[in-house]
Amino acid sequence: MIQERWIHRSGIGILILLNILGNPVPAGLPWTSGLWVYLILALIITLQWSGVVWITKSSWRIYADPSLVTKRLIRSLLLSMLLVAPLMVLSDVAIKYFYQTEQGGLDQPAAWSLFIFYLFNALILCITAVGITEATQYYRQLRTTEKEKEALHRMHLEAQFAGLKQQVNPHFLFNSLNSLSSLIRIDPVKAEHFVEEMSQVYRYLLQSNQDELITLEKEMDFINSYLHLLQTRFGNGLVLHIELPEAYHSSLLPPLTLQLLIENAVKHNEVSTENPLYIWISIHEGNSIEVKNNLQKKQLWVPSEKIGLTNIMTKYQLLGAGEVVVLDGEDFFIVRLPLILKHHLTA
């Protein structure tokens, strides 16, 4: 794609050429008079075009919503006319001065005709510059939107891939089966319940990646099964506090988001009866889901790739759903996920 600045430079160059051809040096005058006129015309045209571009882009910042295109165009054209018309009068004064043309004595009809001439030429310049700037801005926004959709789709495919890896994660599967083996010998009834919860976990992992967003209620149904597996493994070493009022159950979030945050907390911290890991899941100030855990970091043999949290933050950014807040303090690690409501997606 041709860069935007070259499009505007071409527009300025064409206008300068047309003005030079339309204002030849009168016979008998030195060439320096024409040089001064052309330099002044070039400067004024550059100022006019650049000013219109700046006004149009500022209108985009104010009226960025596609439904406000009429207001944006009206603002751009009106402000552009207020800038271009006086500068056009200035260029005409410069031409008369250097070409030694009579400046006074215009009767009313001639003055009115001159006003129409200025207005018409200013309007043509404004429409051209605003139109070109609008087109380039719209194309840029369209490309940005397409890139965001592609990135979100890519993130979705990566989440599917990550979900598939989680389904066959040897450590997760080994720990679950090891816990199940112990339960079968100790408490067969509890072992049966463990198998049911484990099947719920894997069923969710298979189904959830078909959707970009899922309700908090469905995510928590899965989290309850997932936490059952963890608490069977860790016992009193893992303490959960969940406070999610029913009013927020219809809010949306990317699937496996809470599971990933809980998994990270367990992975990076010591979990034992002597040093329990506490995890709180609650609503923060009515606009975000807060996942918080105490810090008791353990040394990991395998360095963390640190892609899980980045993946979550990128998803929220691409969805335009707000910023994920991460607070890594001395005693607690906190992640706040913006609440996504259905009417926000359709607005």
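Restricting attention to segment 43-68, which residues are buried (at least 17 other Cβ atoms within 10 Å of the Cβ) and part of a helix (DSSP H, G or I)?
Residues satisfying the conditions are 44, 45, 48, 49, 51, 52, 53, 55, 56, 59, 60.
In segment 225-270, how many residues are buried (at least 21 other Cβ atoms within 10 Å of the Cβ), more than 17 Å from residue 201 (Cβ to Cβ) and β-branched (Val, Ile, Thr)?
0
Being closer than 19 Å to residue 138 by Cα, at pLDDT 80 or above, among the hydrophobic types (A, V, I, L, M, F, W, C) and assigned to a helix (DSSP H, G or I): is that true of residue 7 here?
no
The values are calculated or read from the model by the stated rules, or taken from the named source; none is laboratory data. This structure is a prediction, so every number in the text was calculated from the model and none was measured. Quick reminder, even Gly has a Cβ in these numbers, built from the backbone with ideal geometry, and neighbours come from all protein chains shown.
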